[in-house]
Each structure stands twice: as structure tokens, then as C-alpha cells.
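> Take a look at the following structure, please.
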Amino acid sequence: MNFLKVGNFVSLVASLIILSALILLYINGINYAYSTVFQLIIWIIWILAIPSFLSYHKANLNKSFLMNYCAILAIVITFFGLIFLHLGEFTGIEIIFLGYILEPIAGISIFLTVWKISYIYDLMFFLGAIVFTAGLPLFLFNLGIISIIGDIVKMIGIIGLLSTNQKIVK
């Protein structure tokens, strides 16, 4: 089984769901994060992080320790953020942002593994993740469009990677 391809597919599905959450947040404002609909979407994204991580973990990535440690830490941190958000605490949003900071760090292992397959798509995936993550706090200043653009670029990169033969070349 091509675990890299599975991880990328799950990441694509999660990115599509993230995009819907980001658009809803952009349209309705940061307080929409307290809504039941938004929180349900975020929980679905969190659940998808687990099979995504497990697939990437099995994919024999370069510098796999970045994925293994940062992804697990991100999953745990965002779990606590979701709990706080569910309790109506703004701290939950801040903790979720903190957890997402680890996403591009974990993604370094993917970047280093697949850059020989398709540097352009790999770069789009990686840089899109960075812009998406950096843009999350900008929702506080009505600049969430930056995070939305990052997520779209990340998705284009993932789609491009999925369209290539993803045999890992170390």
C-alpha cells in the first residue's frame, strides 16, 4: 500500500473541510467559532488528523521524527483546544492555532521525501500549509482570506502530488 498517497488523500479531504470552515469563519466572523456547526466541522477535521498521521507515519518519510513528534503533539494540543472551545472559552481558539503551528513543521518530512517527485507541487503543498497556518490568527483582524488562499494553494499541491507516481526516492 502506498501510505504516502493515502496520507495525501486524507489530507486533501481534510483540507476541503478546512476550507469550508475557513469560509464560514470569514463570512460570519471569529465568533462563529463558538457555533455548533463550526465546532462539528472542526471535530471532523481533528478526527481526520488521526488516519492522516497514521498513513504518513507508515510512509517511511525522510526525517520522520518531525512527523512523528510534531503531528502527535499537534493532535493532542488541538484536542485540548477543541475542549476549551466547546466550553465557550476563547483560549480554545488560541490553543487550536498553537496546535496548527506544528502542521508545517511536521510537513517538513513530507517535503523532504517527495521533492524529487514533483518539486512544484511539493512546494505548493508545503508553502500553502505555512500560509494557511500563518493566516489563522489574521482572522482576528478580518484578514482570514490569507489563510483561505494558503489552504487552496495547499490543496492544489496535494492534488498535483496525488496525480504523480508517488514512489518514495530516498
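The values are calculated or read from the model by the stated rules, or taken from the named source; none is laboratory data. Predicted model, so just to flag it, every value in this text is computed and none were measured. Because the Cβ atoms are built from the backbone with ideal geometry, glycine has one as well, and the counts that use them run over all protein chains shown. Keep in mind that these areas ignore ligands, DNA and RNA; they rest on the heavy atoms of the full protein, side chains included. Shrake-Rupley method; radii C 1.70, N 1.55, O 1.52, S 1.80 Å.
> Eigenvalues of the Cα gyration tensor times 5, then square-rooted: what semi-axes does that give for region 3-157, in whole angstrom, largest first?
Square roots of five times the eigenvalues give 25, 17, 12 Å.
> What number, in percent, do you get for the relative contact order of region 75-118 if the mean sequence gap of Cα pairs under 8 Å and at least 6 apart is divided by its residue count?
It rounds to 32 percent for region 75-118.
> Note the angle between two axes, namely the Cα long axis of helix 3-28 and the longest principal axis of the Cα atoms of the chain, as a number of degrees from 0 to 90, rounded to the nearest 10.
20 degrees
> Can I ask one more? Give me the percent of accessible area attributable to carbon and sulfur for region 3-157, probe 1.4 angstrom.
78 percent
> Would you look at the GNM of the chain, springs on alpha carbons closer than 10 Å, and say which of 37, 76, 153 moves the most?
Maximum fluctuation in the GNM of the chain, among the listed residues, is at 37.
> Taking K and R as +1 and D and E as -1, what net charge do the other residues with C-beta under 13 Å from the C-beta of residue 107 add up to?
0
> Rounded, prolate or oblate for region 81-148? Axes are the square roots of the Cα gyration tensor eigenvalues, ordered a ≥ b ≥ c, and the cut-off for rounded is a/c under 1.5.
oblate
> What number comes out for accessible area per residue over the chain if the probe is 1.4 Å? Units Å², please.
Here the per-residue accessible area is 49 Å².
> Still on this structure: Round to the nearest 10 and give me the degree value, 0 to 90, for the angle of helix 119-135's Cα axis relative to the longest principal axis of the chain.
Between the helix axis and the principal axis of the chain, the angle is about 20 degrees.
> Another question about this same structure. About the Cα centre, and with charges only on the beta carbon of Lys, Arg (+1) and Asp, Glu (-1), how big is the dipole of region 3-157? Nearest 20 debye, please.
Charge dipole, region 3-157, about its Cα centre: 440 debye, nearest 20.
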